[in-house]
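Heads up: the structure comes next, in structure tokens.
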Amino acid sequence: MSIESIIDATIGKEGGYVNNPNDAGGETKWGITVAVARQYKYFGAMVDMPRETAVRIYKEAYFLEPGFDRILTLSPSIADEMFDTGVNCGVSVPAKFLQRALNVLNKSHTPKPLFDDLVVDGKLGTKTYAALAAFLALRGAQGELVLLRMLNALQGAYYIEITERREKNEDFVFGWFLHRVVI
């Protein structure tokens, strides 16, 4: 699994141009909102945004900047999940999900915890990468599966919470669970 294949899969879920009045993100193309497009120097009409521009923005804003490329070296599946969640929810959200999940998996109540609790700040730093590496080294493929399930469970809970706070999200919650929460 590569950054490019992960981006391609997400673009496939996002599709082309959309301007749904109930979408808080507003006008989008390939899943890139107009605000993000402008931030990453695309100033043309959203309906005309080339796919290559979306790929560039996804790689820079949703993979490299948040550090998901470093996750890719440890677990392509977890990197894929975090990237997809970051596209849909903001990149700090899956980082917080990972930190929360690792905190409850570290056996901190024992005399020799696997690693110290992480600060749940949504920023992937050396402690988070080291904790993930230690967890995966100990638990292997089963640990990766459990972590993926935890990330998806947290994502599902997040969608329910934001829909309870914003009724217009009811237009999207079914699709989010159908295409984004995969267990």
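Read-outs throughout are calculated quantities, based only on the coordinates presented, and are distinct from any laboratory measurement. Bear in mind the structure is a predicted one, so any value in this text is a computation, not a measurement. FYI the Cβ positions are ideal-geometry reconstructions off the backbone, even for glycines, and counts take in every protein chain you see.
For the reader, a short list of remarks on this structure follows.
- For LYS96, a cut-off of 18 angstrom between C-alpha atoms picks up these lysines, skipping any fewer than 8 places away in its own chain: LYS123, LYS127.
- Whether the stretch 1-65 is rounded, prolate or oblate, judged on the alpha carbon gyration tensor where a/c under 1.5 counts as rounded: prolate
- CD proxy at 222 nm, helix term only [per DSSP H run n ≥ 4: -39500 (n - 2.57); per residue of the chain; nearest 500]: -19500 deg cm²/dmol
- Cross-link reach list, aspartates and glutamates versus LYS107, counting only Cα pairs under 19 Å and skipping chain neighbours closer than eight places: ASP116, ASP117, GLU144
- For the stretch 141-148, putting each phi into the Karplus relation 6.51 cos²θ - 1.76 cosθ + 1.60 with θ = phi - 60° gives couplings of 4, 5, x, 4, 4, 4, 4, 4 Hz, in residue order, rounded to whole numbers and with x for Gly and Pro.
- Burial order of peptide ranges 88-94, 101-107 (average beta-carbon count within 10 Å, highest first): 88-94, 101-107
- Contact order, relative form, for the stretch 1-65: 29 percent (alpha carbon pairs under 8 Å, 6 or more residues apart, mean separation divided by residue count).
- In a DSSP loop and with at most 16 other Cβ atoms within 10 Å, there are no chymotrypsin sites (Phe, Trp or Tyr not before Pro) in the stretch 82-149.
- Acute angle (nearest 10 degrees) that the helix 92-105 long axis makes with the longest principal axis of the chain, alpha-carbon atoms: 20
- Here the relative contact order of the stretch 76-183, from alpha carbon pairs under 8 Å that lie six or more residues apart, stands at 25 percent.
- Lys, Arg +1 and Asp, Glu -1 on Cβ, resulting dipole of the chain about Cα centre, debye, nearest 20: 480
- In loop segments of the stretch 7-73 as defined by DSSP, the trypsin sites (Lys or Arg not before Pro) with at most 11 further C-beta atoms inside 10 Å of their C-beta are LYS41.
- Take every Cα pair under 8 Å whose residues are at least 6 apart in sequence, average their separation, divide by the length of the chain, and the relative contact order is 17 percent.
- Once the Cα atoms are used to define both axes, helix 3-14 deviates from the longest principal axis of the chain by about 50 degrees.
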